[in-house]
Amino acid sequence: MTRYPAIFVDDILVAKPKDFGFYGKGEGAGDGRYTPLKSAASHDRFRADLARMIELVLQGRRDDARAQAPAADAAEIKSLPAMALTDLEGKPVARADLEGRAVLVEFWATWCPPCQGTLRFLADLQKRYGDRLAVVAIAIESDEADVRRVAASVGVPMAIRSGPPTLFLFDPKGATAAAFYGAPPTLHADAQAKIEAILRR
């Protein structure tokens, strides 16, 4: 998600900011599923939905839970934004440096166990696709020493210290191709399939 609050049960999105009536700049305004927030009925609705999702996950019915989850809006980010970042070696990273390549942007944290598995997967993808794919791994709420240790252990090529895990994929023209939230079991296969589809164009 690009804003908060975003509520997950394990890796399944239960509620996003718009559900609580929080709209981003330029998105207008409106009512979400749990507005008005001060109303007892809204709180009851949210608690019931959250309890139902927890129960489904605990029963092992994750597919049913995913089917009931709200759709994540990949259109919240329409294209790769302008950026002024610095990697762990002190080298600046800007959008212009990534042009002409598919770009994967991963938001991760050192305290997030699923993130490290995803970082290893991204490092493998980088090796497989070479210069056709750029991986930008942005660490949040993490100590720099820990970021360096994890980045070195998984071999991720472009680690940057900045809710994880969130993964965005942009095509070689900079347009948003996909957004993945959480760490569902199909994440790696889904991301790789999307990358291959983009690189075949």
For the pair residue 144 and residue 131, how long in nm is the line joining their label points, each one 7 Å along Cα→Cβ? 3.1 nm
Violations at 31 Å Cα threshold for listed pairs 127/173; 91/173; 16/127; 16/194; 16/91 -> 16/127; 16/91
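Each reported figure results from applying straightforward, stated rules to the coordinates on display, with no laboratory input. This is a predicted model, so every value here is computed, not measured. With ideal geometry, Cβ positions are generated from the backbone for all residues, glycine too; neighbour counts draw on all protein chains shown.
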